Every structure is written in structure tokens, then in C-alpha cells.
Amino acid sequence: MEKMMIGWIIVGIVIVLALLWVGIYNGLVQARMRTQESWSQIDVQLKRRNDLIPNLVETVKGSAKFEQGTLEKVVGLRNALTQTPTDDHQKTMALSDQLTSSLKSVFAVAEAYPDLKASNQYNKLMEELTNTENKIAYSRQLFNTTTATYNTKLQSFPTNFVAKIHSFKPSEFLETPAKEREVVNVSFDDRGL
């Protein structure tokens, strides 16, 4: 009777450990999937922006003497971004950051063209691109948050054992461009303005 009881205890422990293992494994899979899903949100917004850029270029091109170099840079970066492998997150975001800066240049240069600023189509495109840029920024934050959660699971005990055995790999954070990390110099004149 005692041997039978010990046998049942051992079977019970094995079942509990197996259930624990399955629960940890499934938690890792869910965290990895959330990270992948949050990247797909970035990808969707990048595609949306890439689809809007040709319309912007055509609208701006109609304005006489608009800086051709600025438009060529935007188109070149857009093309490079569409040809970047989807799994190269760092390169994708580096090109995206450059494209964002170039779009800001287009908007800044457009300020010198009153006809363009008055164009309903230009203003609508500018608003859509601005909204898309905001969505990209939010999606980047979401990706980094889900990456932090996933990577924490990969490094926490006992999940790290299951992760190592099943070859789960950490996800890389999206970094802030160096230009955006620079300290902004603010100066006030004598009147406090």
C-alpha cells in the first residue's frame, strides 16, 4: 500500500511538472507572437506611408520650381525601404527614420509655396502622413514594450530553462535615432522669450 501511495505521488509530481512546463512554453509562444504582431503593426503603418508618398510627390511636383533633390531623396528612401527584408527590423527603422526626416524637409520647403500650402489635396496628404507618423511612433513603443515583456520571460527563472531548451531567441529593441537623442539647445532673450 505504501509503495502504491509513493507511486501515485510520483505520478502526480510528474503531471504537475509537465503541466507547468506546457504552461511556461505556451506563455513564451504567446509573448513571442505579441512581439511579432506588434512588428506587423509597424509594417502596416510603413506600408501606408509608402503608399501615400507617391501622391505627395505628384502633388508637390506640380508646384513650379519645387526642390527636385528633396523629392528624389524621399522617393529613393521609399524605394530602399520597400526593398528591405521584412526581418531586418533595425535597417527598416533606420531607413524609416531617414524618410521621416526627408518628409519633414518636404513640409518645410513647401512652406515657401503659397499655392501648395493652399492646396486642399496637399493639406489632406500632409494630415494623413502626420497621422501615419504618429501611428508609427506608437507602434514602435508597443513593439519595444512587447519585446521587453518577451525578453524578460526569456531571462526569468524557471522560464529561461524552457526557453533555452526550445531555442527561443530574444527580440531586439528598436533604438531611438542618435539625432533624436541629442540635447535641444533652448535660449531666451533678455525679455524671457
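General remarks:
- Residue exposure sequence - TRP21, TRP8 - by fewest surrounding Cβ within 10 Å: TRP8, TRP21
- Relative to the dominant Cα principal axis of the chain, helix 89-110 is inclined by about 20°.
- With R₀ fixed at 45 Å, the C-beta to C-beta distance from ALA137 to LEU19 puts the FRET efficiency at about 0.65.
- Rounded to 10°, Cα long-axis angle of helix 120-155 versus longest principal axis of the chain: 20
- Put in line by how crowded their Cβ is, counting other Cβ atoms within 10 Å and starting with the fewest, MET1, MET126 read MET1, MET126.
- Whole-number D in µm²/s for the stretch 6-54 (Stokes-Einstein; Kirkwood sum over Cα pairs; 20 °C, 1.002 mPa s): 153
- Going from the fewest other Cβ atoms within 10 Å to the most, the residues LEU17, LEU103 appear in the order LEU17, LEU103.
- Cα lying deepest toward the dipole's positive end in the chain, options LEU116, LEU77, VAL11, charges on Cβ: VAL11
- Pair-distance distribution of the stretch 1-153: all C-alpha pairs, bin width 5 Å, starting at 0; shares per bin in whole percent are 2, 8, 14, 15, 12, 9, 8, 6, 5, 4, 3, 3, 3, 2, 2, 2, 1, 1, 0, 0.
Read-outs: derived from the displayed coordinates by stated rules, not from any lab. This one's a predicted model, so the numbers in the text were calculated from it and none came from an experiment. We place every Cβ from the backbone using ideal geometry, glycine too, and count neighbours over all the protein chains shown.
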